[in-house]
Amino acid sequence: MDYRNILTVCPYCGAGCGLYLQVLDGEIVGVLPAKEHPVSEGKLCIKGWNAAAFVHHPDRLTTPLIREGNAFREASWDEALGLVAEQLLHIRDTYGPDALGFLVSAKCTNEENYLAQKLARAVFKTNNVDHCARL
Amino acid sequence: MAGLAAAFGSGAMTNSTPEFSQYTRCFLITGSNTTEAHPLVASHVLKAKERGAKVVVIDPREVQIGRLADLYLRPRPGTDVAWLNGLMYVIVTEELADQEFIEKRTEGFEEMWRVVQQYPPERVEEITGIPADDLRAAARMYAQNKPAAILYAMGITQHTTGVDNVKSIANLAMLTGNLGIPGGGVNPLRGQNNVQGACDMGGLPNVYPAYQPVTSPEAKAKFEAAWGVEGLSDRIGLTVVEMVNAAGEGRLRGLFVMGENPMLSDPDIQHARECLERLEFLVVQDIFLTETAQLAHVVLPGASFAEKDGTFTATDRRIQRVRKAVEPPGQAKADWEILCELAKRLTQHAIRNTQWDYPSPAEIMSEIARVAPSYGGVTYERLDREGSLQWPVPSVDHPGTPYLHKEKFTRGLGRFHAIEFQEAAELPDEEYPFILTTGRMMFQFHTGTMTRRSPKLEQEAPEPYVEMNPEDAARIGLDGTRRVRVVSRRGAIEVAVRLTERIRPGVVFIPFHYAEAAANVLTHAALDPVAKIPEYKVCAVRVEPVGEK
């Protein structure tokens, strides 16, 4: 039996509350507030207490999907990323870089947002980069 | 954020959440349902109230914190500039302004005063419906209890006049010298865990990381050197709503979406769907098959916050570590890994390209620290040791910055703006007699992708609804009807009706979390001309009873 408490940050609003994920044998079994955290001071709201409830949900995507007609079929990473690369390059080469757009994410990490805008700007040479800050 | 950047030179929350309980003596809360949308920020406000701090809430809905306030004012939606000018009129005419601060640290006061002097409380009452004496009382409470903090959220920004609203708020804080001091400030509460970070990282069409403009030749040269490329674009790109429209017009052909759900969060959903369906290629990287992912050509399974390492930046510019607790399900991967693998495929012909070799997110942060001056001193080692760092943190020996604009604004002098009141883009009329305003509630979050799959949260609030004043219900002959159709010029939805005095007559409220009756079917895509924020908080609708009583 392997039990650990992992200190992290709540994924909901922008308050940035600290919380521990209770992990038992590779599965999250609960959430604990972080007593020493300067914002949340050992408290959580109902969303925070349920912060991990969706993580092991059966609806989670577990494999890349490629559209065929009106349905999706499962695909390997190699095939899916190959298709994405080919299509994005095709659009850039046919219509120009500004025919592409990239929506980055207020839910992803700083590192991921940094890479996503770097991909748009350095690889495709477009500034069509935005996210839902205004929405 | 555009409004704050124009006034101060930096578009972020000026102060820190923990300062509210420690220092603040008066809160002015507007367009923020703080206790429901940011409960642990609200807990600092309530702690301050226990030691005697004053709370003024100005909101068209009597949100929960409005009931706890010392003063609650209920304006007609879309009239924020008018009551903000009114507060300043009272503060100046009753000599409650901070003259020394205005003289030493700001510019543009005279110009602003020429406009503001046309907003005496009686005129403001006519525009907003706020009784003149209540406005005077609020102005005195805010100006006489320093430090005073203004807290606001999307209720202020999601208007065609959103940037004007924010500039007016900045005016009010400068007028009373409530900037550059702990416990004061202008504090936009960001609604998403990492919306601040996504902006900081250059997830915007006009700036590189740390708000370095794409139009600046120096910034362009800097990033070309850092990224080992040539020919970065110096044209400002498209915003989300503009991208969706460009897709509809065939100007945008391909869209890469990472962890966003514009199908449910964009204004005028039917229009958004038609536009996105015209794309030649749509890639969606997400953890669930969202409404947007269902339209995609390729869907890539990403990792949730619990399955990867990284950092989030909270609303008070607080950079904190996110830590991997469990493996992603099946073949799903951390989003940063997916991006690196894709980028390597796209650049494989480039010789000795090491640009996309990051052993772990810590090395990505090292690169961020090199190119983003405000993150210059951020390392994982420091975050592990110190818990959090508030930017700007320009070097490894800098402690971080709990509050901005101490002694000097980012832009030098703070700038007052003269702002005239303008009506919302769509006002009620005979055919659509109600103002619809949208927002969040306690148990659900944004488009519901996560909360609606969390049994305890979904159980608390499984069903969409519209809030309506009982007077209005009687007037349109609801007479006990439980369900209504809400109709705008864009579409119609059917929802349960909740009668409550918390909303003023003439206004209805719908939370926007529910795909089955999405409030954004009704909302108006009119944008603020500068920030390009849609006007979610005001549109015209009519309400009709449906079915049995």
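Across peptide B:364-374, what mean number of C-beta atoms from other chains lies inside 10 Å of a residue's C-beta? If you average over the peptide's residues, the count of other-chain Cβ atoms is 2.
The accessible surface of the protein assembly as shown, taken with every protein chain in place and a 1.4 Å probe, is 49 percent carbon and sulfur.
Shape of chain B from the C-alpha gyration tensor: oblate (a/c of 1.5 or more and a/b not above b/c, with a ≥ b ≥ c the square roots of its eigenvalues). Restricting to the protein assembly as shown, what percent of DSSP beta bridges are antiparallel, rounded to 5? The antiparallel fraction comes to roughly 55 percent. Full extension of the chain between B:GLU95 and B:GLU501 gives 142.5 nm of extra length, using 0.36 nm per residue less the Cα-Cα distance. Quarter the surface of the alpha carbon convex hull of the protein assembly as shown and you get the mean projected area, 29.2 square nanometres. The mean of 1/r over all pairs of different alpha-carbon atoms in the range B:1-158, once inverted, gives a Kirkwood hydrodynamic radius of 16.2 Å.
Near B:PRO402: Cβ cut-off under 11 Å, other residues only, Lys/Arg at +1 and Asp/Glu at -1. The net charge is +1.
Mean partner shielding of peptide B:246-254, defined as the number of other chain Cβ atoms within 10 Å of each residue Cβ, is 5.
Sorted by average packing, counted as other Cβ atoms within 10 angstrom per residue and highest first, what order do B:538-547, B:189-198, B:418-427 take?
Sorting B:538-547, B:189-198, B:418-427 by mean packing, highest first, produces B:189-198, B:538-547, B:418-427.
If you take all other residues with their beta carbon under 14 Å from the beta carbon of B:MET174, and give Lys and Arg +1 and Asp and Glu -1, the sum is +1.
Remark on the range B:247-359: Rg and Dmax equal 16.5, 47 Å (Cα only).
Annotation for the range B:44-89: trypsin sites (Lys or Arg not before Pro) lying in DSSP loop with at most 10 further Cβ atoms inside 10 Å of their Cβ are B:ARG51.
Of the peptides A:51-64, A:116-129, the ranking by mean beta-carbon count within 10 Å, highest at the top, reads A:116-129, A:51-64.
Compared with the rule-of-thumb size 2.2 N^0.38 Å for a compact globular protein, the range B:361-461 has a Cα radius of gyration ratio of 1.78. Among the residues of A:73-80, the average count of other protein chain beta-carbon atoms within 10 Å of the residue beta-carbon is 3. Using C-alpha pairs below 8 Å separated by at least 6 residues, the relative contact order for chain B is 18 percent. What the Cα atoms of the range A:12-62 give is an Rg and a Dmax of 12.0, 36 Å.
The 1.4 Å probe gives accessible areas that order A:ILE46, B:ILE150, B:ILE236, largest first, as B:ILE236, A:ILE46, B:ILE150. Take the Cα of B:VAL546, step 7 Å toward its Cβ, do the same at B:GLN331, and the gap between the two points is 4.1 nm. The alpha carbon centroids of the range B:465-511 and the range B:42-78 are separated by 25 Å. In the context of the full set of protein chains, residues of chain B present 35 Å² of accessible surface per residue (probe radius 1.4 Å, heavy atoms only). Within the full protein context, the accessible area of B:GLU363 is estimated at about 70 Å² for a probe radius of 1.4 Å. Starting from a Cα-only point model with no solvent, please compute log10 I(q)/I(0) by Debye for the range B:434-546 at q = 0.14, 0.22 1/Å. After summing over all Cα pairs, the log10 values are -0.57, -1.22. Centre-to-centre separation between the Cα atoms of the range B:216-230 and those of the range B:354-397: 20 Å.
Using θ = phi - 60° in the Karplus curve 6.51 cos²θ - 1.76 cosθ + 1.60, the 3J(HN,Hα) couplings for the range B:147-159 round to x, 10, 10, 9, 10, 8, 9, 5, x, 9, 8, 7, 9 Hz; x is entered for Gly and Pro.
Using C-alpha pairs below 8 Å separated by at least 6 residues, the relative contact order for the range B:434-546 is 38 percent. Within chain A, the percentage of alpha carbon pairs spaced more than 27 angstrom apart rounds to 43%. Which distance in Å, rounded to a whole number, links the C-alpha centroids of the range B:79-117 and the range A:1-58? Here the two parts' Cα centres lie 45 Å apart. Over chain A, dividing the summed -39,500 (n - 2.57) contributions of all DSSP H runs of at least 4 residues by the number of residues returns a 222 nm mean residue ellipticity of -7000 deg cm²/dmol.
Residue ranges B:117-123, B:10-16 sort as B:10-16, B:117-123 when ordered by packing (mean number of other C-beta atoms within 10 Å per residue, highest first). Over the residues of chain B, the helix contribution to mean residue ellipticity at 222 nm works out to -9000 deg cm²/dmol, using -39500 (n - 2.57) for each DSSP H run of at least 4. With 0.36 nm allotted per residue and the present C-alpha distance subtracted, the B:ASP384-B:ARG123 stretch has 88.5 nm of extension available. Mind checking the log10 I(q)/I(0) for the range B:29-121 at q = 0.23 Å⁻¹? Debye, one equal scatterer per Cα, no solvent, two decimals. Debye output, listed in q order: -1.09.
The values are calculated or read from the model by the stated rules, or taken from the named source; none is laboratory data. In this text the structure is predicted, and so the values were computed from the model without any measurement. Note that we place each Cβ from the backbone using ideal geometry, even for glycine, and neighbour counts take in every protein chain shown. Surface areas here come from the heavy atoms of the whole protein model, side chains and all, with no ligands, DNA or RNA. Shrake-Rupley method; radii C 1.70, N 1.55, O 1.52, S 1.80 Å.
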